[in-house]
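First comes the structure, then the notes that go with it.
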Amino acid sequence: MCKLLNLCTCPQLDSKRRHSLAQSAIQFTDWSTLPSRAEEQGLGPLVFSYLRQAHVTLPSKAQVALHGLYLRHRRTNEIRSQLLTQIATEFQQQGIEFIVLKGAILAHLIYAEPGLRPMRDIDLLVRKSDILHARKLLIKLGFTVPLDEKIRLLPDKHLEVASLKSGGIVNSLELHYNLFNSYQPHSLTFEELRPNRTLAHYNGTELQGLGPEDMLFHLCEHILLHANVWEPIRLIWIVDIVGYAENFVDRIDWEYICHQRPSVLKLLSIFHAICPLSERLLNTCRVSIGAPPQGIGEDFRGWPRHSLAKLAGKPYQEILDDTFFPSEWWLRIRYRLDGVQPLFAYRWLLHPLYILGPFYLLEKLHLFWHLSLQPLLSYHRINNETSNT
Amino acid sequence: MKRQIPKQISNYYLEVLNDEFLLYHPGRNQIYQINATAALIWQLCNGERSIDEIDVLLLAAYPTAGKALMQDTHETIQQLATQGVIELV
């Protein structure tokens, strides 16, 4: 399963990879779970498209399921892209500048068809001074936005999710005024962004994305945020990063990336093992490439990602191995090591200590504070202040 | 049943690829693989034609099919309604 999905983790399928995929499919037997596993990784449409390009004959049920994923995401993306154009028109008329983040812009930038990049929701970055006005415009467009209009103070880096039912689906939209959440170590507001936006076009409407360096940094830090013992890394994020780096290799200021955003190069170094970088990109960005790591594409699968109850059917040795000695590939991403940096200390000492010691508990508490308690306290404070005015 | 009017549930789409007919909804996981006849019947369920009128149209298109066609049509419509792809008003 891993190998098949790994082979589909690429922005384009070249002839060599197509051949490998066809060969891999011959020996593959677990077709019944492939659609759901592909969907978990955000790869459903890509897997469908690539297997078709490789002329692979699938069992009927798997074929229908994958085809269905492709069709649903294509339609969903059309609906959400159309919504984006309406938002763009309204915001532009009102003088609100905004940046489209993540999947909603990447779908139009680096994929052969927008529908190949599943879009779970829409994320927009605006200036903090514009956020309440932007919120009002969303309400005007029919979005339901949970906070009361009288509230002036904002609970966190971004407002609660706005939603609109359209085309038979619920479309969620998040307004951000900082590129990063409060529990991330970085902060980047609209005013602090680097210039030279990346532009995409849909139905005659121009959509602005982040500038190349900020885009790569944002995508890389997003994946690093999720490289923990609780949340999965989705392979589609790797396609985003490699695809973007390949498409915009000549526009990216690699000197700036090297000195100011080293996490980008570290991740490209690791991702080369699953989605080989082109000679052009390798020569331009001068990433350090090491030997292929053990367990390419294997996410963390021990405790606490899976509860002990869920792991109960496995042999103890396997549970211990998965928890204390996960794949080298995941360890390097998790601990921000590139393909050549020594792993010894992390594998035999730091990661096991992290699990055994209080560190992961502290991290969990830190996240709990930022995701649950702090917003509650902020809402309580906001409601008190509003009722006192 | 014959006077009931079958109507497509909104936001279902029909996709045809290599003789394969798929009915899908962007917000629902279930995909329905149907044959060409069922696809035609679904397309005729426009919320204005009764089942009687659909029978008449199909018999005109396939005059030799006879009663078997009517039975198939009713079964197909019933199945599509059970699957939640159409509603009978």
Determine the sum of side-chain charges near A:SER269: Lys and Arg each +1, Asp and Glu each -1, restricted to other residues whose C-beta is under 9 angstrom from that of A:SER269. +1
Among A:LEU362, A:LEU141, A:PRO262, the residue whose Cα sits farthest towards the positive end of the charge dipole of chain A, when +1 is placed on the Cβ of each Lys and Arg and -1 on the Cβ of each Asp and Glu, is A:LEU141
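Taking every residue in B:28-34, how many Cβ atoms of other protein chains lie within 10 Å of its Cβ, on average?
Per-residue shielding by partner chains comes out at 4.
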Dipole check, the stretch A:176-271, charges on Cβ (K,R +1; D,E -1), about Cα centroid: among A:HIS176, A:CYS220, A:PRO232 the Cα furthest to the positive pole belongs to A:PRO232
Footprinting proxy, A:MET215, A:MET119: sorted fewest to most Cβ within 10 Å, the residues are A:MET119, A:MET215
Considering amide H positions built from the backbone, and no H for Pro or chain starts, which residues 5 or more places from A:LEU207, or on another chain, come under 5 Å of its amide H? A:ALA200, A:HIS201, A:TYR202
Largest to smallest principal axis extent of the C-alpha atoms in chain B, angstrom: 37, 31, 17
Which of A:VAL145, A:VAL264, A:VAL340, A:VAL47 has the fewest Cβ neighbours within 10 Å, and the rest in rising order: A:VAL340, A:VAL145, A:VAL264, A:VAL47
Of the listed peptides A:265-271, B:49-55, what is their order by residue-averaged count of other C-beta atoms within 10 Å, with the highest listed first? A:265-271, B:49-55
Compute the length gained on full extension between A:ALA112 and A:GLU174: take 0.36 nm times their separation in residues and subtract their Cα-Cα distance, giving the result in nm to one decimal. 19.7 nm
Amide H neighbours of A:PHE180 at under 5 Å, excluding residues fewer than 5 places away on the same chain, with H built from the backbone geometry, are A:LEU188
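In whole percent, what relative contact order does chain B give with Cα contacts below 8 Å and a gap of six or more residues?
Relative contact order here is 38 percent.
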The exposure ranking of A:ILE26, B:ILE86, A:ILE289, fewest beta-carbon neighbours within 10 Å first, is A:ILE26, A:ILE289, B:ILE86
If packing is taken as the mean number of other Cβ atoms within 10 Å per residue, what is the order of B:77-85, A:70-78, highest first? A:70-78, B:77-85
Which whole-Hz couplings ³J(HN,Hα) result when phi for each residue of the stretch A:291-307 is put into the Karplus expression 6.51 cos²θ - 1.76 cosθ + 1.60, θ = phi - 60°, listed in order with x for Gly and Pro? 5, x, x, 5, x, 4, x, 8, 7, 5, 9, x, 8, x, 3, 10, 5
Restricting to DSSP loop positions (anything but H, G, I, E, B) with no more than 12 other Cβ atoms inside 10 Å of their own Cβ, which trypsin sites (Lys or Arg not before Pro) remain in the stretch A:271-378? A:ARG286
What per residue convex hull volume, in Å³, comes out for the protein assembly as shown when only alpha-carbon positions are used? 201
Residue-wise HN-Hα coupling along the stretch A:68-79, computed from phi with Karplus coefficients 6.51, -1.76, 1.60 (Hz; x: Gly, Pro): x, 4, 4, 5, 4, 5, 4, 5, 4, 5, 4, 4
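Computed from the coordinates by the stated procedures, all read-outs in this text should not be read as laboratory data. Predicted model only: the values in this text are computed from it and were never measured. Neighbour counts are summed over all protein chains in view; Cβ atoms, including those assigned to glycine, are modelled from backbone coordinates with ideal geometry.
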